[in-house]
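> So that we are looking at the same thing, I have put the structure below in structure tokens.
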Amino acid sequence: MDIRMRDKSIGSYVSVYKAEGQLDGEIVKAFLEAQGVPAMLSQDTAGKIYGLTVGNLGEVDVLVAPADEAKARELLRAMESGEYANEILVSDAGSNEKLDAQSQPEEAELKERKRVLFLCTGNSARSQMAEAVVNHELWDRWIAVSAGIKPTGYVHPYALAALEEAGIFHQGESKSVEQFKGQSFDLVVTVCDQAREACPLWLGPEKRIHVGFEDPAAVQGTEEEKMAAFRKTLKLIRATIPAVLKEFEGES
């Protein structure tokens, strides 16, 4: 697989829902992904920078791959018509089955999800993978975002490839921690030593922990050796971060 040739641009996705703010968007995104439709969010740049949640600048588009557009719109129509009041449609190997809604979190519970910010230097690999893992595995209890002290401006292609191999959909965006100034988080997790030392004071020291991982992007060698480093880091993140968040839930 030539990961350099994969198209991961936002322009290759289709908007199926315009949410009124980040929280509304996260709820719809989580709903679609629970039904087997990978989704991502895209907010107007000005809205993201200034943290706006009202008016046009607060609107968030829920995006899906073109191949999933029809299914996503069908699911959203069913949700809006009330079909999910007592049951939720799920797809398994192309067949539609019905699952008792009691086994799925209610919308009120989703709105009470905790927020975690993963912070590293460049926001291109470790923090991106941590964000993706939490949104994939703990989506019903946590909303994860990530940022960098000195963002590179891109997500490392090997990080995206490792996530894709693991069946985790993630459309990352390398961004500065300053973008989240004024927003509140239940927990801030630094995943590299430099981020721990340079973590902005406004994030609050009482909700900050450090869980360090070696930088897979620093590994030298063949393409396969580099890719192996990212797979190893992702494996460590999956074994560590969910457990840390679950422990935090028990303490809070």
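> Taking only the range 219-228 into account, find how many residues are surrounded by 12 or more Cβ atoms within 10 Å (Cβ to Cβ), within 19 Å of Glu165 (Cα to Cα) and free of Cβ contacts under 8 Å to residues at least 60 places away in the same chain.
We begin by selecting, within the range 219-228, every residue surrounded by 12 or more Cβ atoms within 10 Å (Cβ to Cβ); these are 219, 226-228.
Then drop every residue that is not within 19 Å of Glu165 (Cα to Cα), which leaves 226-228.
Now drop any that are not free of Cβ contacts under 8 Å to residues at least 60 places away in the same chain, which leaves 228.
Of the residues in the range 219-228, 1 are surrounded by 12 or more Cβ atoms within 10 Å (Cβ to Cβ), within 19 Å of Glu165 (Cα to Cα) and free of Cβ contacts under 8 Å to residues at least 60 places away in the same chain.
> Right, something else. For Ile168, which of the numbered conditions (1) closer than 14 Å to Glu131 by Cβ; (2) out of contact with any Leu (no Cβ under 8 Å at 6 or more places or on another chain); (3) part of a helix (DSSP H, G or I) fails to hold?
(3)
> Exactly one condition in (1) at pLDDT below 70; (2) more than 16 Å from the chain's Cα centre (by Cα); (3) of a type in the set (Lys, Arg) is not met by Lys18; state its number.
All conditions pass for Lys18, except number (1).
The values are calculated or read from the model by the stated rules, or taken from the named source; none is laboratory data. Since we're looking at a predicted model, the values are computed, not measured. Neighbour counts run over all protein chains shown; Cβ positions are idealised from the backbone, glycine included.
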